[in-house]
Amino acid sequence: MYLLLEKIGSGTLEFLETSGRMGMFLMRALTSMFQMPFKVNPVVRQVHFIGARSAFVILFTGLFTGMVLGLQGYYTLRKFGSEGFLGSAVALSLIRELGPVLTALMVIGRAGSAICAEVGIMRNSEQIDALECMAVDPFRFLIAPKLLAGIIAMPLLTAIFDVIGILGGYLVGTGLFGINPGAYFQGMYTSVVWADVEMGLVKSLVFGLLMVWIAACKGFYLHMERSGGFGAEGVSRTTTDAVVLSSVSVLVWDYLISALLL
């Protein structure tokens, strides 16, 4: 009984310590984003890394997601004689839900893991300590450009995902099942309203913030992670934890935002 209580207490203290550390990290990173002078080049490089270099993955995933939605949606709607609403079903599913979530999960796997590993290796090799010794703020130099780039790039990637997914559904619906192209786009035009686009936009902004925040924080405090530690093994474990935590956070916040905006 005593050992059980000790484990519960130590786990609770560790959770509170980690939560407080991550909260302070986010506040310092957000504050550093607005410090002058503002440098554009680091942000542009990070937007290229997070956004442009993830474009192929987003295009590929979005196309086949839309094709699957078109395929499954047709067979479902055909049972009710509503094949003409295929465009509405595909567009609403992508814009409100699947577009932001799948985009975030893909970017977390490609860019989020790289951010955590990069910052973790810098902590491991004492480069962050060297920046602090030279009176260079690591949050302004390292974290703020990544955070701002994630907030900028994620909505753009989500928009690309949505457009390509709608095109994939169109190809399946009109090419395989002979749905009228005009009916496909007319149904989408009449059913999609600004509130749907706004929900997808809010989700993508929050997911971009979550991805960079969790990935960079895990790498930045690599030496304080119980499952991490120094060396290549510590970096690999911390990166894995960051990807898992980011993915779970995206799914949790997806539900919370949907519940608030519906």
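Quick one: in the range 230-256, of everything that is crowded, with 17+ Cβ neighbours inside 10 Å and among the aliphatic types (A, V, I, L, M), which residue is nearest to SER125 (Cα to Cα)?
Across the range 230-256, the extreme among qualifying residues is VAL235.
Is at least one residue of the range 251-259 part of a helix (DSSP H, G or I), within 30 Å of PHE139 (Cα to Cα) and in contact (Cβ under 8 Å) with a residue 60 or more places away in the chain?
Taking every residue of the range 251-259 in turn, at least one turns out to be part of a helix (DSSP H, G or I), within 30 Å of PHE139 (Cα to Cα) and in contact (Cβ under 8 Å) with a residue 60 or more places away in the chain.
If only one of SER32, SER10, SER125 is farther than 23 Å from GLY200 by Cβ and in contact with an Asp or Glu (Cβ under 7 Å, 6 or more places away or on another chain), which one is it? Write out each step before concluding.
Values: SER10 fails: in contact with an Asp or Glu (Cβ under 7 Å, 6 or more places away or on another chain); SER125 fails: in contact with an Asp or Glu (Cβ under 7 Å, 6 or more places away or on another chain).
Checking each option against the conditions leaves just SER32.
What do you reckon, is GLY120 modelled with pLDDT of 90 or more and either surrounded by 19 or more Cβ atoms within 10 Å (Cβ to Cβ) or out of contact with any Asp or Glu (no Cβ under 8 Å at 6 or more places or on another chain) (or both)?
Details: modelled with pLDDT of 90 or more: no; either surrounded by 19 or more Cβ atoms within 10 Å (Cβ to Cβ) or out of contact with any Asp or Glu (no Cβ under 8 Å at 6 or more places or on another chain) (or both): yes.
No: the conditions fail for GLY120.
Taking into account only those residues within the range 157-190 that are assigned to a helix (DSSP H, G or I) and among the aromatic types (Phe, Trp, Tyr), which is surrounded by the most Cβ atoms within 10 Å (Cβ to Cβ)?
Step one: of the range 157-190, the residues assigned to a helix (DSSP H, G or I) are 157-175, 181-190.
Remaining after also requiring among the aromatic types (Phe, Trp, Tyr): 161, 170, 184-185, 189.
Values: PHE161: 30, TYR170: 22, TYR184: 24, PHE185: 14, TYR189: 11.
Applying the filter and picking the extreme gives PHE161.
Considering only the range 112-135, I want to know if a residue exists there that is assigned to a helix (DSSP H, G or I), more than 30 Å from PHE38 (Cβ to Cβ) and not charged (D, E, K, R).
Going through the range 112-135, the residues assigned to a helix (DSSP H, G or I) turn out to be 112-124, 127-133.
If we keep only those that are more than 30 Å from PHE38 (Cβ to Cβ) as well, we get none.
For the range 112-135, residues assigned to a helix (DSSP H, G or I), more than 30 Å from PHE38 (Cβ to Cβ) and not charged (D, E, K, R): absent.
Search the range 67-96 for residues that are free of Cβ contacts under 8 Å to residues at least 60 places away in the same chain and among the charged types (D, E, K, R) and pair each with any residue that is buried (at least 18 other Cβ atoms within 10 Å of the Cβ) and not in a helix (DSSP H, G or I) when their beta-carbon atoms are under 6 Å apart and the residues are at least 6 apart or on different chains.
Correct list of pairs: empty, since none qualify.
Kindly indicate whether any position in the range 19-26 is crowded, with 18+ Cβ neighbours inside 10 Å, in contact with a Pro (Cβ under 8 Å, 6 or more places away or on another chain) and under 30 Å from VAL119 (Cα atoms).
No.
Looking only at the range 39-54, which residues are part of a helix (DSSP H, G or I) and either of a type outside the set (A, V, I, L, M) or more than 14 Å from the chain's Cα centre (by Cα) (or both)? Walk me through how you get there before you give the answer.
Initial filter on the range 39-54 (part of a helix (DSSP H, G or I)): 41-50, 52-54.
Passing the criteria: ASN41, PRO42, VAL43, VAL44, ARG45, GLN46, HIS48, PHE49, ALA52, ARG53, SER54.
For the range 155-191, enumerate the residues that are among the hydrophobic types (A, V, I, L, M, F, W, C) and in contact with a Lys or Arg (Cβ under 9 Å, 6 or more places away or on another chain).
Filtering the range 155-191 down to residues among the hydrophobic types (A, V, I, L, M, F, W, C) leaves 156-157, 159-161, 163-164, 166-167, 171-172, 176-177, 179, 183, 185, 188.
Matches in the range 155-191: PHE177 only.
Please pick out the residue among ASP129, ASP162, ASP137 that is modelled with pLDDT of 85 or more and either of a type in the set (Asp, Glu) or touching a His at 6+ places or on another chain (Cβ under 7 Å) (or both).
Numbers: ASP129 fails: modelled with pLDDT of 85 or more; ASP137 fails: modelled with pLDDT of 85 or more.
Every option except ASP162 fails the conditions.
The values are calculated or read from the model by the stated rules, or taken from the named source; none is laboratory data. The model shown is predicted, which means the values in this text are computed figures rather than measured ones. Note: ideal-geometry Cβ built from the backbone for every residue, glycine included; neighbour counts use all protein chains shown.
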